[in-house]
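**Student:** Have a look at the structure that comes next, please.
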Amino acid sequence: MANAAATKVEFYNGATKLGEDTTAPYSWTIAGIQRGTYSFTAKALVSSGNLTSSAVQVTAA
């Protein structure tokens with residue numbers, strides 16, 4: 001089975017959608033973030049119609 005390409009990536013802080021990007025390389029810029037540790041999730045919709053996600057922890061100093 002071939003790898004499916006992402007068509008859109010959505011970025012979340014918990015259940016709150018922060019933004020999305022439809023152009024590779026997919027990214028989202030954090031602006032005006034307060035100090036602290038955050039757990040963000042990126043959810044990618046792939047061309048096969050499936051959804052995949054990955055969590056990342058970010059520390060702002």
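**Student:** Among the residues of the stretch 30-41, are any among the polar types (S, T, N, Q), touching a Ser or Thr at 6+ places or on another chain (Cβ under 8 Å) and part of a strand (DSSP E or B)?
**Tutor:** Yes.
**Student:** Tell me which of these Ser48 doesn't satisfy, since it passes every other one: (1) touching a residue at least 12 places away in the same chain (Cβ under 8 Å); (2) touching a strand residue (DSSP E or B) at 6+ places or on another chain (Cβ under 9 Å).
**Tutor:** (2)
**Student:** Can you find a residue in the stretch 36-43 that is touching a strand residue (DSSP E or B) at 6+ places or on another chain (Cβ under 7 Å), modelled with pLDDT of 90 or more and aliphatic (A, V, I, L, M)?
**Tutor:** Yes, the stretch 36-43 has at least one match.
**Student:** Suppose we keep only residues that are part of a strand (DSSP E or B) and without any contact (Cβ under 8 Å) to a residue 24 or more places away in the chain within the stretch 1-29. Which one would you say is farthest from the chain's Cα centre (by Cα)?
**Tutor:** Thr16
**Student:** Output the number of the condition that Ala44 fails; it satisfies all remaining conditions of (1) among the small types (Gly, Ala, Ser); (2) in a strand (DSSP E or B); (3) surrounded by fewer than 12 Cβ atoms within 10 Å (Cβ to Cβ).
**Tutor:** (3)
The values are calculated or read from the model by the stated rules, or taken from the named source; none is laboratory data. Here the structure is a predicted model, which means the values were calculated and not measured. Glycine also receives a Cβ, built like all others from the backbone with ideal geometry; neighbour counts cover every protein chain displayed.
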